[in-house]
1. Name every residue in the range 100-123 that is more than 17 Å from residue 81 (Cβ to Cβ), part of a helix (DSSP H, G or I) and under 27 Å from the mean Cα position of the chain (by Cα), in order of residue number.
2. When the range 16-39 is examined, which residues are found to be out of contact with any helix residue (DSSP H, G or I) (no Cβ under 8 Å at 6 or more places or on another chain), farther than 17 Å from residue 76 by Cα and surrounded by 11 or more Cβ atoms within 10 Å (Cβ to Cβ)?
3. Would the range 61-71 turn up any residue that is in contact (Cβ under 8 Å) with a residue 40 or more places away in the chain and either surrounded by 14 or more Cβ atoms within 10 Å (Cβ to Cβ) or closer than 30 Å to residue 101 by Cβ (or both)?
4. Among helices (runs of 4 or more DSSP H) lying entirely in the range 1-83, which contain 3 or more residues that are more than 25 Å from the chain's Cα centre (by Cα) and either modelled with pLDDT of 90 or more or assigned by TED's automatic domain parsing to the domain that holds residue 114 (or both)?
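The values are calculated or read from the model by the stated rules, or taken from the named source; none is laboratory data. Not measured: the values here are computed from a predicted model. Counting neighbours? That spans all protein chains shown, and the Cβs are built from the backbone with ideal geometry, glycine included.
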């Protein structure tokens, strides 16, 4: 049984596709080279279309962005870090010592947090978020599913 379908002008699509494909080489991302090509195309489209949903290239930007996001999710997914590990990472990345956070949290409490003996309170999460310029949610443990 055949469902009703829109009729497509395949010859027109073929002609347009050949011209487009010669420039963009739009394909499912299979490897790093394909990922880098699609990432470059996505960035070029972002430079032109930005967040203008009415731009003539907005649909292509959505398609390419989805392809890039799917590849990244499959190949570069980042596991969620525990709040103490996120804090430790941010401190190390910025070259901070425990005493550098003493205006936010007493050093003894910070030591207990980093060793896993104490949890980060919601209030402290807010202060740490402000200090590091990130969402306080980073310092709040994920709810078990």
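1. Passing the criteria: 122, 123.
2. 16, 17, 20, 21
3. Yes; the residues of the range 61-71 include at least one that is in contact (Cβ under 8 Å) with a residue 40 or more places away in the chain and either surrounded by 14 or more Cβ atoms within 10 Å (Cβ to Cβ) or closer than 30 Å to residue 101 by Cβ (or both).
4. 10-24
Here's the yes/no breakdown for (1) modelled with pLDDT of 90 or more; (2) surrounded by fewer than 13 Cβ atoms within 10 Å (Cβ to Cβ):
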| residue | (1), (2) |
| --- | --- |
| 102 | yes, yes |
| 105 | yes, no |
| 109 | yes, no |
| 112 | yes, no |
| 116 | yes, yes |
| 119 | yes, no |
| 129 | no, no |
| 137 | no, yes |
| 140 | no, no |
